[in-house]
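Each reported figure results from applying straightforward, stated rules to the coordinates on display, with no laboratory input. From a predicted model like this one, the values you see are computed outputs, not experimental measurements. Positions of Cβ are generated from backbone atoms using ideal geometry, with glycine treated the same way; all protein chains shown enter the neighbour counts.
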Amino acid sequence: MHKFSRFFVSLLFVGLFTTYTPVTMADDQPESSNYGSKVGNKALNGFANITTSTLEIPKNIINTTNDSNIIYGITGGLLKGVINTIGRVAVGVTDIITFPIPTKPIAQSAYIWDGFDDDTTYGPVFRLDQSKSPAVQAPVVEPVVAVPAVAAPRPEPIDNSKQYNQETSHSLDTMFKKEMMK
């Protein structure tokens with residue numbers, strides 16, 4: 001059994017290193033939308049969702065604590081994180097099983113590190129990715145409309161700074177007192 005776990009860990013690292021280089025190089029190249037890249041991105045997305053799904057727990061604890069308080073953040077964030085971890089694993093397994101069918105990601109955001117401050121949501125399942133490659137799309141030509149230049153007279157500025165500062169200070173004081181009473 002020990003040899004199997006060593007083999008699995010080494011296989012996992014080889015997989016990570018072979019996918020890491022093309023992903024970093026893909027940032028420098030324009031996005032292509034051919035079948036191969038869609039299928040590859042879907043498989044990589046599924047693999048990333050499975051391997052990084054446990055990061056949903058600290059993410060949700062942090063986000064829930066920032067939205068409320070530390071006690072609710074730890075308890076509610078932990079529960080929310082466990083549910084989203086299970087959801088990301090299920091989405092990852094689904095993506096790996098169905099990677100030959102190019103669909104849009106189910107989980108929003110597609111990767112956990114995209115929009116770390118946003119809650120994870122799940123969209124419709126199996127929406128086909130029908131985007132075309134940039135070379136195939138027809139260029140969009142917009143008509144040019146000539147607009148005559150008209151010089152409008154400048155209105156005289158009105159000084160409302162005293163009224164604005166009093167209203168703003170009052171509303172900020174009210175909001176501050178309300179927040180401090182929590």
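Ordered by the number of other Cβ atoms lying within 10 Å of each residue's own Cβ, fewest first, MET181, MET175 fall into the sequence MET181, MET175.
Over every Cα atom in region 76-126, the radius of gyration and the widest Cα-Cα span, Dmax, amount to 11.4, 37 Å. With only Cα atoms counted, region 65-105 has Rg and Dmax values of 15.0, 44 Å.
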